[in-house]
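Structure first, then comments.
The values are calculated or read from the model by the stated rules, or taken from the named source; none is laboratory data. Worth saying up front: this structure is predicted, and the values here are computed from it rather than measured. Cβ placement follows ideal geometry from the backbone for every residue including glycine, while neighbour counts extend to all protein chains displayed. Just the protein is used for accessible areas: all its heavy atoms, side chains included, with ligands, DNA and RNA removed. Shrake-Rupley method; radii C 1.70, N 1.55, O 1.52, S 1.80 Å.
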Amino acid sequence: MAAKSTKVTVKANKQILADSVKKILFVASESTPFIATGGLAEVIGSLSKALSDTGKFDVRVVIPLFSDIKKEYKDKFSYLGNIYVHLAWRNQYCGIFSYVNDGVTFYFIDNEYYFKRPGCYGYFDDGERFAFFSKCVLEIMPFLDFYPDVMHCHDWQAALAAIYLKTNYCFRQEYQFIRALFTIHNIEYQGQYSLDLLCDLFDIFGEYRYLVEYKNSINLMKGAIECCERFSTVSPRYAQEIKEAYFAHGLEEIVRRNEFKLSGILNGIDDKGYNCELDKHLFANFKPDDFTNKSVCKSELQKMLSLPEKPDTPIISMVSRLVSHKGLDLVTAVLEEFLQDDVQVVILGTGEAYFEDYFRYLARKYPDKLSANIVFNGDLSRKIYSGSDIFLMPSKSEPCGLSQMIACRYGTVPIVRETGGLFDSIKPLHNGYTFTNYNAHDMLYVLRQAVSDYKNKPEWSKLMYRAATTDFSWSHSAKKYEALYYDMLK
(Lines give C-alpha, C1' and ligand atoms only; values in the text may rest on other atoms or scores of the structure.)
Protein backbone atom coordinates (compact mmCIF):
# COMPACT_ATOMS: atom_id res chain seq x y z
CA MET A 1 0.00 0.00 0.00
CA ALA A 2 2.90 2.37 0.84
CA ALA A 3 4.58 1.62 -2.53
CA LYS A 4 1.37 2.46 -4.41
CA SER A 5 1.05 5.72 -2.45
CA THR A 6 4.65 6.65 -3.35
CA LYS A 7 3.98 6.07 -7.06
CA VAL A 8 0.90 8.30 -6.94
CA THR A 9 2.90 11.05 -5.19
CA VAL A 10 5.74 10.86 -7.74
CA LYS A 11 3.23 11.03 -10.61
CA ALA A 12 1.51 14.03 -9.02
CA ASN A 13 4.85 15.80 -8.49
CA LYS A 14 5.78 15.24 -12.15
CA GLN A 15 2.46 16.69 -13.23
CA ILE A 16 2.97 19.76 -11.02
CA LEU A 17 6.45 20.21 -12.51
CA ALA A 18 5.08 19.88 -16.06
CA ASP A 19 2.32 22.38 -15.33
CA SER A 20 4.84 24.87 -13.89
CA VAL A 21 6.86 24.99 -17.12
CA LYS A 22 5.30 27.72 -19.26
CA LYS A 23 5.16 27.35 -23.03
CA ILE A 24 6.49 30.26 -25.08
CA LEU A 25 6.30 30.52 -28.87
CA PHE A 26 8.47 33.12 -30.59
CA VAL A 27 7.12 34.26 -33.96
CA ALA A 28 9.69 36.08 -36.07
CA SER A 29 11.00 36.47 -39.59
CA GLU A 30 14.61 35.51 -38.85
CA SER A 31 16.86 33.98 -36.21
CA THR A 32 20.47 33.13 -35.63
CA PRO A 33 22.17 30.80 -36.34
CA PHE A 34 20.02 30.06 -39.40
CA ILE A 35 19.51 33.39 -41.16
CA ALA A 36 20.17 36.98 -40.13
CA THR A 37 19.87 40.41 -41.71
CA GLY A 38 20.21 42.45 -38.52
CA GLY A 39 19.78 42.63 -34.76
CA LEU A 40 16.35 40.97 -34.75
CA ALA A 41 17.88 37.58 -35.57
CA GLU A 42 20.38 37.87 -32.71
CA VAL A 43 17.58 38.68 -30.28
CA ILE A 44 15.51 35.66 -31.32
CA GLY A 45 18.43 33.23 -31.26
CA SER A 46 19.93 34.44 -27.98
CA LEU A 47 16.83 35.32 -25.95
CA SER A 48 15.10 32.02 -26.71
CA LYS A 49 18.17 30.12 -25.48
CA ALA A 50 18.51 32.29 -22.35
CA LEU A 51 14.86 31.67 -21.44
CA SER A 52 15.15 27.95 -22.12
CA ASP A 53 18.26 27.75 -19.94
CA THR A 54 16.25 28.91 -16.92
CA GLY A 55 14.36 25.59 -16.95
CA LYS A 56 11.09 27.47 -16.43
CA PHE A 57 10.03 27.66 -20.07
CA ASP A 58 9.46 25.36 -23.01
CA VAL A 59 10.61 27.81 -25.67
CA ARG A 60 9.97 27.23 -29.35
CA VAL A 61 10.55 29.48 -32.35
CA VAL A 62 8.82 29.59 -35.74
CA ILE A 63 10.31 31.34 -38.79
CA PRO A 64 9.87 31.02 -42.57
CA LEU A 65 12.00 28.46 -44.42
CA PHE A 66 13.87 30.99 -46.56
CA SER A 67 16.06 29.63 -49.34
CA ASP A 68 19.06 31.52 -47.91
CA ILE A 69 19.00 29.57 -44.63
CA LYS A 70 22.43 28.02 -44.23
CA LYS A 71 22.67 24.64 -45.97
CA GLU A 72 24.64 23.15 -43.10
CA TYR A 73 21.46 23.45 -41.02
CA LYS A 74 18.92 22.74 -43.76
CA ASP A 75 20.41 19.30 -44.29
CA LYS A 76 19.68 18.46 -40.63
CA PHE A 77 16.05 19.64 -40.53
CA SER A 78 13.38 17.03 -39.80
CA TYR A 79 10.27 16.99 -41.96
CA LEU A 80 7.21 16.76 -39.70
CA GLY A 81 4.47 16.90 -42.32
CA ASN A 82 2.31 19.38 -44.16
CA ILE A 83 -1.09 21.04 -44.04
CA TYR A 84 -3.01 23.44 -46.27
CA VAL A 85 -3.65 26.96 -45.02
CA HIS A 86 -6.50 29.23 -46.11
CA LEU A 87 -5.72 32.91 -46.60
CA ALA A 88 -8.84 34.66 -47.93
CA TRP A 89 -9.49 32.90 -51.28
CA ARG A 90 -6.12 31.08 -51.34
CA ASN A 91 -5.45 27.54 -50.19
CA GLN A 92 -1.69 27.17 -49.88
CA TYR A 93 0.70 24.35 -49.03
CA CYS A 94 2.47 24.68 -45.67
CA GLY A 95 5.34 22.30 -44.99
CA ILE A 96 6.59 22.01 -41.41
CA PHE A 97 10.21 21.26 -40.55
CA SER A 98 11.91 21.26 -37.16
CA TYR A 99 15.37 21.42 -35.65
CA VAL A 100 16.60 21.60 -32.05
CA ASN A 101 19.40 24.09 -31.39
CA ASP A 102 20.81 24.77 -27.90
CA GLY A 103 17.74 23.23 -26.28
CA VAL A 104 15.28 25.34 -28.29
CA THR A 105 12.94 23.76 -30.85
CA PHE A 106 12.76 25.72 -34.11
CA TYR A 107 9.95 25.26 -36.62
CA PHE A 108 10.31 26.30 -40.25
CA ILE A 109 7.34 27.12 -42.50
CA ASP A 110 7.95 25.85 -46.02
CA ASN A 111 6.28 27.29 -49.10
CA GLU A 112 8.49 27.76 -52.13
CA TYR A 113 6.12 30.21 -53.84
CA TYR A 114 6.58 32.67 -50.96
CA PHE A 115 9.99 31.87 -49.51
CA LYS A 116 12.21 30.38 -52.24
CA ARG A 117 13.79 33.74 -53.09
CA PRO A 118 17.09 35.47 -52.34
CA GLY A 119 17.04 37.41 -49.07
CA CYS A 120 14.15 37.86 -46.66
CA TYR A 121 12.47 41.16 -47.50
CA GLY A 122 11.97 43.81 -50.14
CA TYR A 123 9.47 42.08 -52.44
CA PHE A 124 6.27 43.62 -53.80
CA ASP A 125 4.18 40.92 -52.12
CA ASP A 126 5.81 41.01 -48.66
CA GLY A 127 2.38 41.73 -47.16
CA GLU A 128 0.94 38.53 -48.60
CA ARG A 129 4.05 36.50 -47.76
CA PHE A 130 3.97 37.41 -44.07
CA ALA A 131 0.18 37.20 -43.87
CA PHE A 132 0.53 33.61 -45.04
CA PHE A 133 3.34 33.00 -42.55
CA SER A 134 1.27 34.44 -39.68
CA LYS A 135 -1.77 32.35 -40.61
CA CYS A 136 0.45 29.25 -40.68
CA VAL A 137 1.64 29.95 -37.14
CA LEU A 138 -1.93 29.60 -35.86
CA GLU A 139 -2.76 26.63 -38.08
CA ILE A 140 0.24 24.49 -37.13
CA MET A 141 -0.62 24.57 -33.42
CA PRO A 142 -3.15 21.70 -33.64
CA PHE A 143 -0.79 19.78 -35.94
CA LEU A 144 2.03 20.10 -33.37
CA ASP A 145 -0.33 19.80 -30.39
CA PHE A 146 1.46 22.85 -29.00
CA TYR A 147 -0.63 25.74 -27.68
CA PRO A 148 1.66 28.29 -26.02
CA ASP A 149 0.86 30.18 -22.85
CA VAL A 150 2.47 33.23 -24.47
CA MET A 151 2.87 33.87 -28.18
CA HIS A 152 5.68 36.41 -28.48
CA CYS A 153 5.56 38.18 -31.87
CA HIS A 154 8.38 40.34 -33.18
CA ASP A 155 8.08 43.35 -35.52
CA TRP A 156 5.51 43.96 -38.27
CA GLN A 157 6.26 40.73 -40.15
CA ALA A 158 4.75 38.77 -37.22
CA ALA A 159 2.11 41.34 -36.28
CA LEU A 160 -0.68 39.49 -38.09
CA ALA A 161 -0.14 36.38 -35.94
CA ALA A 162 -1.25 38.42 -32.92
CA ILE A 163 -4.10 40.03 -34.89
CA TYR A 164 -5.41 36.70 -36.18
CA LEU A 165 -5.19 35.19 -32.68
CA LYS A 166 -7.49 37.86 -31.27
CA THR A 167 -9.88 37.97 -34.26
CA ASN A 168 -10.32 35.01 -36.61
CA TYR A 169 -9.23 32.46 -33.98
CA CYS A 170 -10.59 33.98 -30.78
CA PHE A 171 -13.73 31.78 -30.78
CA ARG A 172 -11.82 28.51 -30.90
CA GLN A 173 -11.60 27.05 -27.42
CA GLU A 174 -7.96 25.94 -27.58
CA TYR A 175 -6.79 29.47 -28.54
CA GLN A 176 -8.74 31.42 -25.94
CA PHE A 177 -6.12 31.37 -23.19
CA ILE A 178 -3.06 32.21 -25.33
CA ARG A 179 -1.62 35.56 -24.30
CA ALA A 180 0.05 37.72 -26.97
CA LEU A 181 3.15 39.89 -26.52
CA PHE A 182 4.31 42.09 -29.40
CA THR A 183 7.86 43.47 -29.41
CA ILE A 184 8.77 46.50 -31.51
CA HIS A 185 12.39 46.35 -32.61
CA ASN A 186 12.10 49.42 -34.85
CA ILE A 187 8.90 51.44 -35.03
CA GLU A 188 9.88 52.94 -38.38
CA TYR A 189 8.78 49.79 -40.23
CA GLN A 190 5.07 49.30 -39.53
CA GLY A 191 3.61 47.18 -42.35
CA GLN A 192 1.44 49.80 -44.04
CA TYR A 193 -0.86 48.90 -46.94
CA SER A 194 -3.86 50.19 -48.85
CA LEU A 195 -7.26 49.57 -47.23
CA ASP A 196 -8.61 47.87 -50.34
CA LEU A 197 -6.35 44.89 -49.54
CA LEU A 198 -7.99 44.25 -46.17
CA CYS A 199 -10.19 41.27 -47.09
CA ASP A 200 -8.67 40.00 -50.31
CA LEU A 201 -5.06 39.89 -49.12
CA PHE A 202 -5.08 39.95 -45.33
CA ASP A 203 -8.25 37.93 -44.65
CA ILE A 204 -9.56 40.57 -42.22
CA PHE A 205 -13.23 41.42 -42.51
CA GLY A 206 -15.46 44.36 -41.66
CA GLU A 207 -15.98 43.92 -37.93
CA TYR A 208 -12.21 43.91 -37.34
CA ARG A 209 -11.31 46.70 -39.73
CA TYR A 210 -11.06 49.25 -36.90
CA LEU A 211 -8.18 47.31 -35.33
CA VAL A 212 -5.79 47.77 -38.27
CA GLU A 213 -7.12 50.95 -39.86
CA TYR A 214 -5.03 54.05 -39.18
CA LYS A 215 -4.81 57.28 -41.13
CA ASN A 216 -6.73 55.84 -44.10
CA SER A 217 -4.52 52.80 -44.51
CA ILE A 218 -3.84 49.37 -43.03
CA ASN A 219 -1.19 49.52 -40.31
CA LEU A 220 -0.23 46.05 -39.07
CA MET A 221 1.93 47.29 -36.20
CA LYS A 222 -0.97 49.40 -34.96
CA GLY A 223 -3.23 46.33 -35.11
CA ALA A 224 -0.79 44.24 -33.09
CA ILE A 225 -0.47 46.95 -30.43
CA GLU A 226 -4.26 47.09 -30.13
CA CYS A 227 -4.72 43.30 -30.01
CA CYS A 228 -1.93 42.18 -27.68
CA GLU A 229 -2.23 41.91 -23.91
CA ARG A 230 1.19 43.61 -23.72
CA PHE A 231 3.67 45.19 -26.10
CA SER A 232 7.30 46.04 -25.55
CA THR A 233 10.36 47.69 -27.04
CA VAL A 234 14.02 46.75 -26.89
CA SER A 235 15.07 49.38 -24.33
CA PRO A 236 13.36 51.36 -21.55
CA ARG A 237 14.35 54.72 -23.05
CA TYR A 238 12.92 53.79 -26.47
CA ALA A 239 9.64 52.82 -24.79
CA GLN A 240 9.39 56.42 -23.59
CA GLU A 241 10.63 57.94 -26.83
CA ILE A 242 8.04 56.30 -29.08
CA LYS A 243 5.30 58.21 -27.25
CA GLU A 244 6.64 61.32 -29.03
CA ALA A 245 6.16 62.25 -32.68
CA TYR A 246 9.91 62.73 -33.26
CA PHE A 247 10.54 59.00 -32.75
CA ALA A 248 7.19 57.29 -33.40
CA HIS A 249 6.88 57.74 -37.18
CA GLY A 250 3.20 58.60 -36.86
CA LEU A 251 2.21 56.00 -34.23
CA GLU A 252 2.59 58.20 -31.14
CA GLU A 253 -1.20 58.44 -30.60
CA ILE A 254 -1.57 54.66 -30.59
CA VAL A 255 1.41 54.17 -28.28
CA ARG A 256 0.15 56.76 -25.80
CA ARG A 257 -3.35 55.28 -25.85
CA ASN A 258 -1.93 51.84 -25.03
CA GLU A 259 0.96 52.86 -22.78
CA PHE A 260 -0.62 51.08 -19.81
CA LYS A 261 0.54 47.81 -21.39
CA LEU A 262 3.95 49.02 -22.64
CA SER A 263 7.32 47.80 -21.32
CA GLY A 264 10.92 48.48 -22.32
CA ILE A 265 13.52 45.74 -21.85
CA LEU A 266 17.11 46.30 -22.97
CA ASN A 267 18.47 43.68 -25.34
CA GLY A 268 21.57 41.71 -24.44
CA ILE A 269 24.34 40.32 -26.60
CA ASP A 270 25.94 36.91 -26.95
CA ASP A 271 28.63 37.32 -24.30
CA LYS A 272 30.21 33.99 -25.27
CA GLY A 273 30.43 34.86 -28.95
CA TYR A 274 31.78 38.34 -28.23
CA ASN A 275 34.56 37.38 -25.85
CA CYS A 276 38.02 38.95 -26.03
CA GLU A 277 39.53 35.89 -24.33
CA LEU A 278 38.22 33.32 -26.84
CA ASP A 279 37.37 35.16 -30.08
CA LYS A 280 39.30 33.45 -32.92
CA HIS A 281 38.90 36.50 -35.19
CA LEU A 282 41.29 38.59 -33.10
CA PHE A 283 44.98 39.05 -33.83
CA ALA A 284 45.60 38.22 -30.16
CA ASN A 285 43.35 37.39 -27.24
CA PHE A 286 43.38 39.30 -23.98
CA LYS A 287 41.50 39.59 -20.69
CA PRO A 288 39.62 42.48 -19.08
CA ASP A 289 42.13 42.46 -16.21
CA ASP A 290 45.12 42.35 -18.58
CA PHE A 291 44.89 44.41 -21.78
CA THR A 292 48.51 43.82 -22.80
CA ASN A 293 47.57 41.97 -25.99
CA LYS A 294 45.07 44.63 -26.99
CA SER A 295 48.08 46.66 -28.12
CA VAL A 296 48.95 43.75 -30.44
CA CYS A 297 45.44 43.92 -31.90
CA LYS A 298 45.90 47.66 -32.43
CA SER A 299 49.29 47.47 -34.15
CA GLU A 300 48.20 44.58 -36.39
CA LEU A 301 45.04 46.48 -37.33
CA GLN A 302 47.14 49.53 -38.26
CA LYS A 303 49.35 47.32 -40.44
CA MET A 304 46.36 45.65 -42.07
CA LEU A 305 44.71 48.99 -42.93
CA SER A 306 47.99 50.68 -44.00
CA LEU A 307 47.90 53.19 -41.17
CA PRO A 308 51.14 54.28 -39.43
CA GLU A 309 51.88 52.15 -36.37
CA LYS A 310 51.50 54.70 -33.59
CA PRO A 311 50.76 53.03 -30.24
CA ASP A 312 50.00 56.33 -28.49
CA THR A 313 47.67 57.70 -31.17
CA PRO A 314 44.07 56.69 -30.41
CA ILE A 315 42.05 54.84 -33.05
CA ILE A 316 38.43 55.99 -33.23
CA SER A 317 36.24 53.53 -35.12
CA MET A 318 32.74 53.24 -36.51
CA VAL A 319 31.14 49.95 -37.56
CA SER A 320 27.78 50.99 -38.94
CA ARG A 321 25.34 51.20 -41.79
CA LEU A 322 26.29 54.42 -43.53
CA VAL A 323 22.91 56.16 -43.33
CA SER A 324 21.89 59.53 -41.93
CA HIS A 325 19.89 58.27 -38.93
CA LYS A 326 23.08 56.62 -37.63
CA GLY A 327 24.46 60.12 -37.11
CA LEU A 328 26.60 60.20 -40.24
CA ASP A 329 25.56 63.77 -41.03
CA LEU A 330 27.12 64.83 -37.70
CA VAL A 331 30.28 62.92 -38.54
CA THR A 332 30.68 64.41 -42.02
CA ALA A 333 30.14 67.92 -40.61
CA VAL A 334 33.22 67.83 -38.35
CA LEU A 335 35.36 64.84 -39.40
CA GLU A 336 37.87 66.80 -41.44
CA GLU A 337 38.32 69.23 -38.56
CA PHE A 338 38.80 66.31 -36.14
CA LEU A 339 41.44 64.74 -38.40
CA GLN A 340 43.71 67.72 -37.73
CA ASP A 341 44.22 66.26 -34.21
CA ASP A 342 46.58 63.40 -33.38
CA VAL A 343 44.05 60.65 -34.14
CA GLN A 344 43.34 57.82 -36.56
CA VAL A 345 39.81 57.01 -37.75
CA VAL A 346 38.57 53.65 -39.09
CA ILE A 347 35.21 53.30 -40.84
CA LEU A 348 33.54 49.99 -41.74
CA GLY A 349 30.16 49.66 -43.42
CA THR A 350 28.02 50.23 -46.47
CA GLY A 351 25.02 52.47 -47.09
CA GLU A 352 24.06 55.66 -48.85
CA ALA A 353 26.27 56.62 -51.81
CA TYR A 354 26.92 60.12 -50.47
CA PHE A 355 28.50 58.85 -47.25
CA GLU A 356 30.40 56.04 -48.98
CA ASP A 357 31.92 58.51 -51.48
CA TYR A 358 32.72 61.08 -48.80
CA PHE A 359 34.66 58.61 -46.65
CA ARG A 360 36.54 57.30 -49.70
CA TYR A 361 37.46 60.88 -50.59
CA LEU A 362 38.78 61.61 -47.08
CA ALA A 363 40.72 58.32 -47.05
CA ARG A 364 42.51 59.41 -50.23
CA LYS A 365 43.13 62.90 -48.83
CA TYR A 366 44.34 61.69 -45.40
CA PRO A 367 45.80 58.19 -46.02
CA ASP A 368 47.77 58.29 -42.73
CA LYS A 369 44.72 59.36 -40.74
CA LEU A 370 41.63 57.58 -42.07
CA SER A 371 40.82 54.11 -43.37
CA ALA A 372 37.46 53.73 -45.15
CA ASN A 373 36.35 50.13 -45.62
CA ILE A 374 33.13 50.26 -47.63
CA VAL A 375 32.23 46.60 -47.24
CA PHE A 376 30.29 44.29 -44.95
CA ASN A 377 32.90 42.08 -43.32
CA GLY A 378 32.23 40.24 -40.06
CA ASP A 379 35.84 39.19 -39.53
CA LEU A 380 37.17 42.72 -40.02
CA SER A 381 34.52 44.11 -37.68
CA ARG A 382 35.86 41.96 -34.81
CA LYS A 383 39.41 43.11 -35.56
CA ILE A 384 38.24 46.75 -35.52
CA TYR A 385 36.29 46.34 -32.27
CA SER A 386 39.34 44.79 -30.56
CA GLY A 387 42.03 47.01 -32.10
CA SER A 388 40.33 50.39 -31.57
CA ASP A 389 40.55 52.61 -28.53
CA ILE A 390 37.30 54.56 -28.93
CA PHE A 391 34.05 53.58 -30.67
CA LEU A 392 31.74 56.29 -32.04
CA MET A 393 27.97 55.78 -32.31
CA PRO A 394 26.17 59.15 -32.61
CA SER A 395 22.75 57.86 -33.73
CA LYS A 396 19.77 60.15 -34.26
CA SER A 397 17.61 57.30 -32.95
CA GLU A 398 18.55 53.80 -31.78
CA PRO A 399 15.92 51.40 -30.39
CA CYS A 400 18.62 49.37 -28.65
CA GLY A 401 21.92 49.15 -30.48
CA LEU A 402 24.36 46.26 -30.22
CA SER A 403 27.61 47.79 -31.45
CA GLN A 404 28.20 49.88 -28.33
CA MET A 405 27.84 46.75 -26.18
CA ILE A 406 30.15 44.73 -28.45
CA ALA A 407 32.76 47.50 -28.32
CA CYS A 408 32.62 47.41 -24.52
CA ARG A 409 33.24 43.67 -24.51
CA TYR A 410 36.59 44.31 -26.26
CA GLY A 411 37.63 47.14 -23.94
CA THR A 412 36.96 49.78 -26.59
CA VAL A 413 35.33 52.81 -24.97
CA PRO A 414 32.11 53.95 -26.69
CA ILE A 415 30.97 57.51 -27.32
CA VAL A 416 27.21 57.58 -27.93
CA ARG A 417 24.34 60.02 -28.17
CA GLU A 418 21.80 59.76 -25.36
CA THR A 419 18.96 58.09 -27.22
CA GLY A 420 17.16 54.75 -26.96
CA GLY A 421 19.27 51.81 -25.87
CA LEU A 422 22.45 53.89 -26.12
CA PHE A 423 21.23 55.94 -23.16
CA ASP A 424 20.31 52.80 -21.20
CA SER A 425 23.55 50.91 -21.82
CA ILE A 426 26.31 53.54 -21.68
CA LYS A 427 26.81 55.67 -18.57
CA PRO A 428 29.19 58.66 -18.66
CA LEU A 429 32.65 57.90 -17.27
CA HIS A 430 31.46 54.53 -15.99
CA ASN A 431 31.73 52.61 -19.25
CA GLY A 432 31.86 55.34 -21.91
CA TYR A 433 30.99 58.89 -22.93
CA THR A 434 27.70 60.44 -23.97
CA PHE A 435 26.33 63.66 -25.44
CA THR A 436 22.72 64.83 -25.41
CA ASN A 437 21.94 67.17 -28.29
CA TYR A 438 21.97 66.06 -31.89
CA ASN A 439 24.71 68.53 -32.68
CA ALA A 440 27.99 67.96 -34.52
CA HIS A 441 30.10 70.20 -32.28
CA ASP A 442 28.65 68.72 -29.10
CA MET A 443 29.84 65.38 -30.46
CA LEU A 444 33.25 66.83 -31.39
CA TYR A 445 33.67 68.28 -27.88
CA VAL A 446 33.11 64.86 -26.29
CA LEU A 447 35.40 63.16 -28.84
CA ARG A 448 38.20 65.54 -27.92
CA GLN A 449 37.51 65.06 -24.22
CA ALA A 450 37.88 61.29 -24.68
CA VAL A 451 41.10 61.73 -26.68
CA SER A 452 42.46 63.93 -23.89
CA ASP A 453 41.49 61.35 -21.23
CA TYR A 454 43.13 58.61 -23.30
CA LYS A 455 46.53 60.13 -22.50
CA ASN A 456 45.99 59.42 -18.80
CA LYS A 457 46.81 55.73 -19.10
CA PRO A 458 46.05 54.59 -15.50
CA GLU A 459 42.58 56.14 -15.51
CA TRP A 460 41.91 55.04 -19.09
CA SER A 461 42.76 51.43 -18.17
CA LYS A 462 40.19 51.58 -15.38
CA LEU A 463 37.59 52.89 -17.82
CA MET A 464 38.41 50.08 -20.26
CA TYR A 465 38.02 47.52 -17.48
CA ARG A 466 34.62 48.89 -16.44
CA ALA A 467 33.47 48.84 -20.05
CA ALA A 468 34.71 45.28 -20.65
CA THR A 469 33.07 43.94 -17.48
CA THR A 470 29.66 45.60 -17.91
CA ASP A 471 27.00 42.87 -17.82
CA PHE A 472 25.27 42.86 -21.21
CA SER A 473 24.42 39.15 -21.08
CA TRP A 474 21.05 37.84 -22.16
CA SER A 475 20.53 36.21 -18.76
CA HIS A 476 19.97 39.69 -17.31
CA SER A 477 17.38 40.57 -19.97
CA ALA A 478 15.78 37.13 -19.78
CA LYS A 479 14.88 37.70 -16.11
CA LYS A 480 12.89 40.77 -17.10
CA TYR A 481 11.07 38.91 -19.88
CA GLU A 482 10.40 36.11 -17.39
CA ALA A 483 8.75 38.61 -15.02
CA LEU A 484 6.74 40.08 -17.90
CA TYR A 485 5.47 36.65 -19.01
CA TYR A 486 4.39 35.71 -15.51
CA ASP A 487 2.67 39.05 -15.07
CA MET A 488 0.75 38.45 -18.30
CA LEU A 489 -0.31 35.01 -17.10
CA LYS A 490 -1.70 36.11 -13.74
Subject >> Between region 63-91 and region 255-331, the alpha-carbon center distance in angstrom >> reply: 36
Subject >> Under 5 Å, built H, 5+ apart or other chain: amide partners of Tyr433 >> reply: Ile415, Val416
Subject >> Ellipticity estimate at 222 nm from DSSP helix runs (n ≥ 4, -39,500 (n - 2.57)) divided over the chain, nearest 500 >> reply: -11500 deg cm²/dmol
Original post:
How compact and how long is region 270-341, expressed as Rg and Dmax of its alpha-carbon atoms in Å?
Top reply: 15.2, 39
Subject >> Dipole moment magnitude, nearest 20 debye, region 125-253 about Cα centre, only Lys, Arg, Asp, Glu C-beta charged >> reply: 300
Subject >> Computed over region 175-288, Cα set: Rg, Dmax in Å >> reply: 19.2, 62
Subject >> Note, ³J(HN,Hα) from phi for region 148-161, Karplus 6.51, -1.76, 1.60, rounded to Hz, x at Gly and Pro >> reply: x, 6, 10, 9, 9, 9, 10, 6, 4, 5, 9, 4, 5, 4
Original post:
Between Val61, Cys136, Ser232, whose Cα lies farthest towards the positive end of the dipole of the chain when Lys and Arg beta carbons carry +1 and Asp and Glu beta carbons carry -1, centred on the Cα centre?
Top reply: Val61
**OP:** State which entries of Lys303/Lys365; Lys71/Lys287; Lys70/Lys396 exceed 28 angstrom in Cα-Cα distance in the structure shown.
**Re:** Lys71/Lys287; Lys70/Lys396
Subject >> GluC sites (Glu not before Pro) restricted to region 240-340 and DSSP loop, no more than 12 other C-beta within 10 Å >> reply: Glu244, Glu277, Glu309
Original post:
Within region 148-231, which trypsin sites (Lys or Arg not before Pro) sit in a loop by DSSP and count at most 15 neighbouring Cβ atoms inside 10 Å?
Top reply: Arg172, Lys215
Original post:
Got a number for carbon plus sulfur as a percent of region 399-490's accessible area, 1.4 Å probe?
Top reply: 55
**OP:** Select from Ala50, Phe124, Leu197 the residue farthest towards the positive end of the dipole of the chain; place +1 on Cβ of Lys and Arg, -1 on Cβ of Asp and Glu, and compute about the Cα centre.
**Re:** Ala50
Original post:
What chymotrypsin sites (Phe, Trp or Tyr not before Pro) does region 149-198 have in DSSP loop regions with at most 13 other beta carbons within 10 Å?
Top reply: Phe171, Phe177
Subject >> Full-stretch length increase - Tyr354, Tyr93 - with 0.36 nm per residue and alpha-carbon distance subtracted >> reply: 89.5 nm
**OP:** Run the accessible area of region 103-148 with a 1.4 Å probe and give the carbon-and-sulfur part as a rounded percent.
**Re:** 53
**OP:** Determine the relative contact order of region 294-431: mean sequence separation of Cα pairs under 8 Å and six or more apart, normalised by residue count, in whole percent.
**Re:** 27
Subject >> Among Cys170, His325, Tyr438 - extreme Cα towards positive end, dipole of the chain, charges at beta-carbon >> reply: Cys170
Original post:
Within straight cross-link reach of Lys490, meaning Cα distance under 21 Å, which lysines are found once same-chain residues fewer than 8 apart are removed?
Top reply: Lys22, Lys23, Lys56, Lys166, Lys261, Lys479, Lys480
Original post:
In debye, nearest 20: dipole of region 307-444 around its Cα centre with unit charges on the Cβ of K, R (+) and D, E (-)?
Top reply: 340
**OP:** Just need the relative contact order of region 17-102 here, percent rounded to a whole number, with Cα pairs under 8 Å and 6+ apart.
**Re:** 25
**OP:** Would you tell me the accessible area of Met318, worked out with a 1.4 angstrom probe on the heavy atoms of the protein chains, in Å² to the nearest 10?
**Re:** 10
Original post:
Given the protein chains as shown and a 1.4 Å probe, how many square angstrom of Ser235 are accessible, to the nearest 10?
Top reply: 0
**OP:** Please sort 437-450, 122-135 by packing, taking for each peptide the average over its residues of neighbouring beta carbons within 10 angstrom, highest first.
**Re:** 122-135, 437-450
Original post:
Using the heavy atoms of the protein chains alone and a 1.4 angstrom probe, what is the accessible area of the chain per residue in square angstrom?
Top reply: 43
Subject >> Debye, to nearest 20: dipole size of region 48-120, +1 on Lys, Arg Cβ, -1 on Asp, Glu Cβ >> reply: 120
Original post:
Per 20 Å bin from zero, what fraction in whole % of the C-alpha pairs of the chain is there, up to the bin with the longest pair?
Top reply: 22, 50, 24, 3, 0
**OP:** Before anything else, pin down the relative contact order of the chain: Cα pairs under 8 Å, at least 6 apart, normalised by residue count, whole percent.
**Re:** 12
Original post:
Cα centroids of region 200-248 and region 335-362: how far apart, whole angstrom?
Top reply: 38
